[in-house]
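Below you'll find the structure, written out as structure tokens, and then a few comments.
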Amino acid sequence: MTKTTMVKSNGARAVSAGTESVAQVLERERDPLIHEWLALVEKQEDLMAIPLSYEDRTGHLPQLADVIARLHLDSSTKAPISVAASYHGDLRRKQGYSVAMVVEESRLLQVCIFTTLHKSTRQLNYEKLLPDVVTIADEVDAQLKQQMLRYMAANAVVKNSKAH
């Protein structure tokens with residue numbers, strides 16, 4: 001695959017030739033995607049009611065690596081359970097997030113991923129775009145499920161310890 005990178009007048013980089021996979025676009029745009037996600041989060045009063053540092057709020061987003069890794073798997077391969085998602089569920093519960101807040105963060109992540117892909121449509125391999133979008137949605141939702149399982153398990157432990 002041959003691609004040429006050009007710099008637009010506004011300073012943005014544009015790939016002018018060839019096609020990229022969704023995984024390649026997400027790898028290339030990871031940092032801007034994280035900043036876009038944070039900008040959306042900062043507009044949510046309920047999420048911002050929990051005061052967190054930049055690192056505490058965005059530290060879990062390198063789990064995008066799990067999404068990207070899943071895109072590299074053969075579609076028939078069962079995806080491994082995300083350890084990062086389990087940790088994130090525990091962390092957000094300890095930080096005082098509600099279930100709805102964790103779900104909202106996950107929703108905003110999907111919005112940012114799909115917006116990033118939309119901005120890169122000229123570079124994307126269209127044959128794999130829709131299957132990859134399905135894979136992304138499935139992976140983000142699977143990670144959310146894992147977060148919620150850990151969140152609820154931790155809550156159950158707390159309730160049981162208070163009952164005794």
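The values are calculated or read from the model by the stated rules, or taken from the named source; none is laboratory data. All values reported here derive from a predicted model rather than from experimental measurement. Quick reminder, even Gly has a Cβ in these numbers, built from the backbone with ideal geometry, and neighbours come from all protein chains shown.
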Original post:
Which residue, of D90, D56, D31, D66, is assigned to a helix (DSSP H, G or I) and over 30 Å from V158 (Cβ atoms)?
Top reply: D31
Original post:
Can you find a residue in region 71-78 that is under 15 Å from K145 (Cβ atoms) and surrounded by 17 or more Cβ atoms within 10 Å (Cβ to Cβ)?
Top reply: no
Original post:
Out of (1) loosely packed, with under 14 Cβ neighbours inside 10 Å; (2) part of a loop (DSSP other than H, G, I, E, B); (3) at pLDDT below 95, what's the single condition that is false for P51?
Top reply: (3)
**OP:** Evaluate the following for K162: is it over 14 Å from the mean Cα position of the chain (by Cα) and either assigned to a helix (DSSP H, G or I) or touching a residue at least 40 places away in the same chain (Cβ under 8 Å) (or both)?
**Re:** yes
**OP:** Please determine, by comparing only the residues of region 34-48 that are in contact (Cβ under 8 Å) with a residue 12 or more places away in the chain and assigned to a helix (DSSP H, G or I), which one is surrounded by the fewest Cβ atoms within 10 Å (Cβ to Cβ).
**Re:** D46
Original post:
In region 105-152, how many are in a loop (DSSP other than H, G, I, E, B) and either out of contact with any Asp or Glu (no Cβ under 9 Å at 6 or more places or on another chain) or within 18 Å of Q95 (Cβ to Cβ) (or both)?
Top reply: 2
**OP:** Consider Y97 carefully, then state whether it is part of a loop (DSSP other than H, G, I, E, B), touching a residue at least 12 places away in the same chain (Cβ under 8 Å) and either buried (at least 19 other Cβ atoms within 10 Å of the Cβ) or more than 18 Å from the chain's Cα centre (by Cα) (or both).
**Re:** yes
Original post:
Among the listed residues V102, V140, V83, V133, which satisfies the condition of being of a type in the set (V, I, T) and farther than 25 Å from K43 by Cβ?
Top reply: V83
**OP:** Identify the residue in region 69-87 that is in contact (Cβ under 8 Å) with a residue 40 or more places away in the chain and not in a helix (DSSP H, G or I) and, among all such residues, is farthest from V140 (Cα to Cα).
**Re:** S75
